Amino acid sequence: MSSDVRFTDFKSDKQPTWCPGCGDFGTMNGMMKALAETGNDPDNTFIVAGIGCSGKIGTYMHSYALHGVHGRALPVGIGVKAANPELEVMVAGGDGDGYSIGVGHFIHAVRRNMDITYVVMDNRIYGLTKGQFSPTSREDFETSTSPEGPKQAPVNPLALALAAGGTFIAQSFSSDAQRHAEIVKRAVEHDGFGFVNVYSPCVTFNDVDTYDYFRDSLVDLGEDEDHDPTDYDQATEAILDSDAEYQGVIYQDEESASYNEAHGLTENMADIPDGAPEDAMDLVREFY
Amino acid sequence: MHKDLNWAIGGEAGDGIDSTGKIFAQALSRAGRHVFTSKDFASRIRGGYTAYKVRTSVDRVESVVDRLDILIALTQRTVDENLDELHEGSVIIYDGERTTMQDLEIPEGMIGLDVPLKSLAEDAGGAIMRNVVALGVACEVASFPIENLDESLEKRFGDKGTAIVDNNKEAARLGQEYVEETYDHAFEYELETTDNDYVLLNGDEAIGMGALAAGCRFYAGYPITPATDVMEYLTGRIERYGGSVIQAEDELSAINLALGAARAGARAMTATSGPGIDLMTETFGLVATTETPLVICDVMRSGPSTGMPTKQEQGDLNQLLYGGHGEVPRFVVAPTTVAECFHKTIEAFNLAEKYQLPVYVTSDLSLAVTEQTFAPEEFDMDEVEIERGNLVEPGDVESWQNDQGQFQPHYPTEDGISPRTLPGTAGGAHMTTGLEHDELGRRTEDTDVRIDQVDKRSRKVETAVEREQWDYREFGDADSDVLLISWGSNEGAIREAMEFLDDDGVSVRFLSCSYMFPRADLSEEIESAEEVIVVECNAGGQFADLLEHDTLSRVDRINKYNGVRFKADELASEIKDVLATGAEVTA
Ligand SMILES: Cc1ncc(C[n+]2csc(CCOP(=O)(O)OP(=O)(O)O)c2C)c(N)n1
Ligand code: SF4
Ligand SMILES: [Mg+2]
């Protein structure tokens, strides 16, 4: 890792094809800043991207990366980290990718508490498939597949994470560049599963959850001196508060051991001898 | 008088049938006898018949037969289930004090040994040892020195303390003495012992051990019969080598976890059975198109759907060969014996890394539940070679970069095998994706690049066909007109069947195939035989279909895969080209 890494080193030479104004630009910039500021470089970083407009991020960033199948980015990231704990692993995808098709993996990834970062680019819509409702869409949000709204309650991803035993639960807003980068950075630094739900507006298909809406409604817990992220009850209250939406590190448990620590994963599993392990005949002898 | 003895213990699931059977099998193996075990079981935890069967001989035993000589019956149903295998002179050991067994009727011509198993076990220290009392009885009936049982009792109960071990030894002796004193019967069996040392293991354990030998460090899986033993074997052992097992939330996750570990450079594996293969198929194409080395084991069971989870079938061949949308290069290897499960797993890891693609290792329930004896030399760890393929050394990274210093993970080389750098390697950073991509691993829909990449991926397979051995194992009379062909686990049964046939003056040639794709071209062998019979454990004859396909007369082909549909004028001219030249055409 070199100390002179700049965040633009994480940029690939591919020009993003996101719509002008898409929130994903800001989300990506913050991720790159967070990685650079935590002393990482593209050669020790592994990014796993889901499928969606959001998932294109793997192409626009420069690092080791895999752009997988829809909804399965988290297990890939966990596998990478298990195999080589030296790597900085960041998983990114959309709200559909993470909270619909991949929601099972999300809950279990939270429980496992592997030391990786998970950034969800939440635009409350399916962008790539051109505007169907997503699991975070409002009950009355009219889309091509919900002419009168989905008529079902949106999921509260932060509450899902809390219920699953999350150790780092945060929310940010892609256009609040500095705060967003700061929050992702703290997720990277967290020794465990750093989860950030990023409001990353879709300017093309979502005219409800807009920049203006988030700018007006988000309450920054970072400015609230009374908010103590290590206080579970305070965090619960904020997460379950249906009258307000919060930005900041809402909950952090610094005590719990990460999966890596709990399972003693320290070695780079890529390093193997060019024959069977030295004492491998012992494995055979066990069967006497 | 048969050279082999067939023994079984049967009762209800939850009666400790498996562990008792295993103790007996181990005792035989330690006494230098060959052993081949099988299980009859239902998948319910309690209730339902289950049996553990042991076939033993001083010669190798390769399969099961329809003959049962000694049966320990804990339930009436155990006798009923085995009536067709029992014969005149068979010995049935049971506990007549058990209320449900009081009315047991011993079929005509068989010998019933009514032994108060439970009471004797209580005398030795606890009713729980009832099955061990029965083992003592079996030793007496088979004239098998009871001391041989002691070691396997120590192995089984050693961690519970010497008192427990001693009680068990005592229980066995009480059973033996009871029969000796009560029944004045000269049994016809006499189990010789030899000085040979054998190891006793099943196919799942052999796969697990092969994986460890091959340097597998990461395993992810979701429990499923009959593949779970692979995960249970690795758990607690893989850690000794710095590896880890993750129990995933489902098979969708398991294969993606393994894929992640493989991208990080670990030799990674997952194992499952049919229903799990269905889920993993989602990610299978991603593994292949990102050119990630991965070993996926399918321990087949009866399908479709949940099918018969504890029953044998080789029904997944088509799924393994063709499963997944689009065209996906893959290798499919089917070990033919328990020992081959070990060797083929090692080979699969090498193939996966050399050709950077997913390799299916497919065994089946019969291999998974069979414990078989082998000379330990059959698992010679010194012979294990690890070949990692085109893994680029840190100093060579630059030679695989383009003129802008970008590493090219999918560079279309002549043999189709691209360079591979592991994360952490300076200058090697690259992405890859399940979308069609260029040599840099970035999405493209460019028709030329698409063709380059498809061709490159199939070139790897061609390279492998040339460079590797895809042969079969041959048995029997090479000049015979009768050709038997089979794949996977049927090898042992067929080899023994050939002995029966031989006794009847029928000679056959037998080809046992473990490579399903790529595979040997059997056209000549099939051509030169008068009668060709393909043996497999499924209804449709999936392997037979393949062989018929392989030996069909050739058709000419026109293929197009650049992402653009056929155009009429283009097609017409291609057809004319084929007619003129007879050559294959690629649009
Ligand atoms: C198995 C599968 N089903 C459906 C799709 C089609 N698909 C692509 S992206 C997407 C939803 C994307 O929504 P989200 O995750 O919120 O990402 P966004 O585009 O909004 O960033 C769907 C349904 C797919 N690629 N794979
Ligand atoms: S459709 Fe929406 S989410 Fe997708 S790139 Fe455009 S603005 Fe962004
Ligand atoms: Mg979305």
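The values are calculated or read from the model by the stated rules, or taken from the named source; none is laboratory data. These numbers were taken from a predicted model, which means no experiment stands behind them. With ideal geometry, Cβ positions are generated from the backbone for all residues, glycine too; neighbour counts draw on all protein chains shown. Remember, those area values only see protein heavy atoms, side chains included, never the ligands or the DNA or RNA. Shrake-Rupley method; radii C 1.70, N 1.55, O 1.52, S 1.80 Å.
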For the range A:73-104, which residues satisfy the criterion of being out of contact with any strand residue (DSSP E or B) (no Cβ under 9 Å at 6 or more places or on another chain) and more than 16 Å from ligand 3 (Cβ to nearest atom)?
A:Pro85, A:Glu86, A:Gly104
Residue identified as touching a residue at least 40 places away in the same chain (Cβ under 8 Å), part of a strand (DSSP E or B) and out of contact with any Phe, Trp or Tyr (no Cβ under 9 Å at 6 or more places or on another chain) among B:Ile533, B:Ile485, B:Ile526:
B:Ile533
Selection count, the range A:119-166, where residues are among the small types (Gly, Ala, Ser), in contact with a helix residue (DSSP H, G or I) (Cβ under 7 Å, 6 or more places away or on another chain), surrounded by fewer than 21 Cβ atoms within 10 Å (Cβ to Cβ) and part of a loop (DSSP other than H, G, I, E, B):
2
Single unsatisfied condition, A:Gly55 versus (1) within 16 Å of ligand 3 (Cβ to nearest atom); (2) open to solvent by 20 Å² or more (accessible area, probe 1.4 Å); (3) under 30 Å from B:Met269 (Cβ atoms)
(2)
Do we have any residue at all in the range A:86-107 that's away from every other protein chain (no Cβ under 14 Å) and touching an Asp or Glu at 6+ places or on another chain (Cβ under 6 Å)?
yes
Test each condition in (1) more than 16 Å from ligand 3 (Cβ to nearest atom); (2) out of contact with any Lys or Arg (no Cβ under 7 Å at 6 or more places or on another chain) for A:Ala164 and report the one that comes out false.
(2)
What number of residues within the range B:368-384 satisfy the criterion of being aliphatic (A, V, I, L, M) and either free of Cβ contacts under 8 Å to residues at least 12 places away in the same chain or more than 8 Å from chain A (Cβ to nearest Cβ) (or both)?
3
Sole residue being modelled with pLDDT of 95 or more and open to solvent by 70 Å² or more (accessible area, probe 1.4 Å), chosen from A:His263, A:His190:
A:His263
Among the candidates B:Gly265, B:Gly260, B:Gly203, residue that is buried (at least 21 other Cβ atoms within 10 Å of the Cβ), within 25 Å of B:Ala31 (Cβ to Cβ) and at pLDDT 95 or above
B:Gly203
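Test B:Asp396 against the criterion of being at the interface with another protein chain (Cβ under 8 Å from one of its Cβ atoms), outside any loop (DSSP other than H, G, I, E, B) and not hydroxyl-bearing (Ser, Thr, Tyr), and give yes or no.
Considered against the rule, which asks whether it is at the interface with another protein chain (Cβ under 8 Å from one of its Cβ atoms), outside any loop (DSSP other than H, G, I, E, B) and not hydroxyl-bearing (Ser, Thr, Tyr), B:Asp396 comes out as no.
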Residues of the range A:68-96 being within 16 Å of ligand 2 (Cβ to nearest atom), open to solvent by less than 10 Å² (accessible area, probe 1.4 Å) and over 22 Å from A:Thr38 (Cα atoms), which ones?
A:Gly94, A:Asp95, A:Gly96
Of these, B:Gly324, B:Gly389, B:Gly416, which one is more than 30 Å from B:Arg495 (Cβ to Cβ), surrounded by 17 or more Cβ atoms within 10 Å (Cβ to Cβ) and not assigned by TED's automatic domain parsing to the domain that holds B:Met431?
B:Gly324
Kindly indicate whether any position in the range B:215-224 is of a type in the set (Ser, Thr, Tyr) and modelled with pLDDT of 95 or more.
yes
Restricting attention to the range B:132-155, which residues are surrounded by fewer than 19 Cβ atoms within 10 Å (Cβ to Cβ) and either not in a loop (DSSP other than H, G, I, E, B) or not β-branched (Val, Ile, Thr) (or both)?
B:Ser143, B:Pro145, B:Glu147, B:Asp150, B:Glu151, B:Glu154, B:Lys155
Got a sec? Which of A:Gly71, A:Gly98, A:Gly55 is more than 12 Å from the chain's Cα centre (by Cα) and within 16 Å of ligand 1 (Cβ to nearest atom)?
A:Gly71
Kindly indicate whether B:Ala539 is assigned to a loop (DSSP other than H, G, I, E, B) and not assigned by TED's automatic domain parsing to the domain that holds B:Asp66.
yes
From the options B:Thr336, B:Thr345, residue that is among the hydroxyl-bearing types (Ser, Thr, Tyr) and out of contact with any Lys or Arg (no Cβ under 8 Å at 6 or more places or on another chain)
B:Thr345
Show the residue pairs that are 6+ apart or on different chains and have beta-carbon atoms under 6 Å apart, the first residue being within the range B:165-176 and among the polar types (S, T, N, Q), the second being in a helix (DSSP H, G or I) and surrounded by 20 or more Cβ atoms within 10 Å (Cβ to Cβ).
B:Asn167/B:Ala124; B:Asn168/B:Met129; B:Asn168/B:Val132; B:Asn168/B:Leu153; B:Asn168/B:Phe157; B:Gln176/B:Gly136; B:Gln176/B:Cys139; B:Gln176/B:Glu140
Yes/no for B:Ala339 being in a helix (DSSP H, G or I), under 30 Å from B:Gln542 (Cβ atoms) and touching a Phe, Trp or Tyr at 6+ places or on another chain (Cβ under 6 Å):
yes
Test: A:Gly50 is open to solvent by less than 10 Å² (accessible area, probe 1.4 Å), out of contact with any Ser or Thr (no Cβ under 8 Å at 6 or more places or on another chain), within 14 Å of ligand 2 (Cβ to nearest atom) and within 10 Å of another protein chain (Cβ to nearest Cβ):
no
Among the residues of the range A:268-285, how many are touching a residue at least 24 places away in the same chain (Cβ under 8 Å) and either open to solvent by 60 Å² or more (accessible area, probe 1.4 Å) or facing chain B (nearest Cβ under 7 Å) (or both)?
2
Close pairs (6 angstrom Cβ cut-off, 6 or more residues apart or separate chains): touching a residue at least 40 places away in the same chain (Cβ under 8 Å) in the range A:124-137, within 13 Å of ligand 2 (Cβ to nearest atom) and outside any loop (DSSP other than H, G, I, E, B) anywhere
A:Tyr126/A:Gly96; A:Tyr126/A:Gln132; A:Gly131/A:Thr143; A:Ser134/A:Asp95; A:Ser134/A:Gly96; A:Ser134/A:Tyr126; A:Thr136/A:Asp95; A:Thr136/A:Asp122
One residue is enough: does the range B:467-488 have a residue meeting the conditions charged (D, E, K, R) and closer than 30 Å to B:Asp438 by Cα?
yes
Condition broken by B:Asp403, with the remaining ones in (1) part of a loop (DSSP other than H, G, I, E, B); (2) without any contact (Cβ under 8 Å) to a residue 60 or more places away in the chain; (3) surrounded by fewer than 18 Cβ atoms within 10 Å (Cβ to Cβ); (4) facing another protein chain (nearest Cβ under 10 Å) satisfied
(4)
Matching option when the condition is open to solvent by 80 Å² or more (accessible area, probe 1.4 Å) and closer than 19 Å to B:Val61 by Cα, among B:Arg467, B:Arg495
B:Arg495
Just to be sure, is B:Ala288 in contact (Cβ under 8 Å) with a residue 12 or more places away in the chain, more than 8 Å from chain A (Cβ to nearest Cβ) and not in a loop (DSSP other than H, G, I, E, B)?
yes
